[in-house]
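The values are calculated or read from the model by the stated rules, or taken from the named source; none is laboratory data. Model, not experiment: these values are computed from the prediction. Because the Cβ atoms are built from the backbone with ideal geometry, glycine has one as well, and the counts that use them run over all protein chains shown. Ligands, DNA and RNA are stripped out before the accessible areas are found, and what is left, the full protein with its side chains, is counted by its heavy atoms. Shrake-Rupley method; radii C 1.70, N 1.55, O 1.52, S 1.80 Å.
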Amino acid sequence: MNSKEIIATLTADVERLMKLHDSAMEEVAALREKSGEQSATIRSLQEQLRKAKAEAEKASLHAAIAGSVSNKAAARSHINRLLREVDNCIAMVSNRI
């Protein structure tokens, strides 16, 4: 191979690599955008799940307080947990004063 052929080959390789780099950068940008969309979807679904769990807990507590025999233990447990949380809050406020 003479030097002109080597230069032509190297030039072709560099151009091919530049095209590959450009397409890879476009793919990275598209994947980042898709990742952002997926993250937003995940946050939305997590918020929906949190709300659904809170609503289910409220419904369970309401049913237990309304007199359902099977849920009395759950109601008692929930009320005790709430009382402990209130006691902890009072203790934190007392410590700050």
Check: Of all residues in segment 75-95, how many are open to solvent by less than 70 Å² (accessible area, probe 1.4 Å) and of a type in the set (A, V, I, L, M)?
Finding: 2
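Among the residues of segment 63-74, what is the count of those that are of a type in the set (S, T, N, Q) and either exposed (fewer than 10 other Cβ atoms within 10 Å of the Cβ) or at pLDDT 90 or above (or both)? Break it down stepwise before answering.
Here is the first cut: in segment 63-74, the residues of a type in the set (S, T, N, Q) are 68, 70-71.
Okay, now just the ones that are also either exposed (fewer than 10 other Cβ atoms within 10 Å of the Cβ) or at pLDDT 90 or above (or both), so 70.
Qualifying residue count, segment 63-74: 1.
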Note to self: Condition (residue is surrounded by fewer than 10 Cβ atoms within 10 Å (Cβ to Cβ), in a helix (DSSP H, G or I) and more than 20 Å from the chain's Cα centre (by Cα)) applied to segment 52-62: is it met by at least one residue?
What the structure shows: no
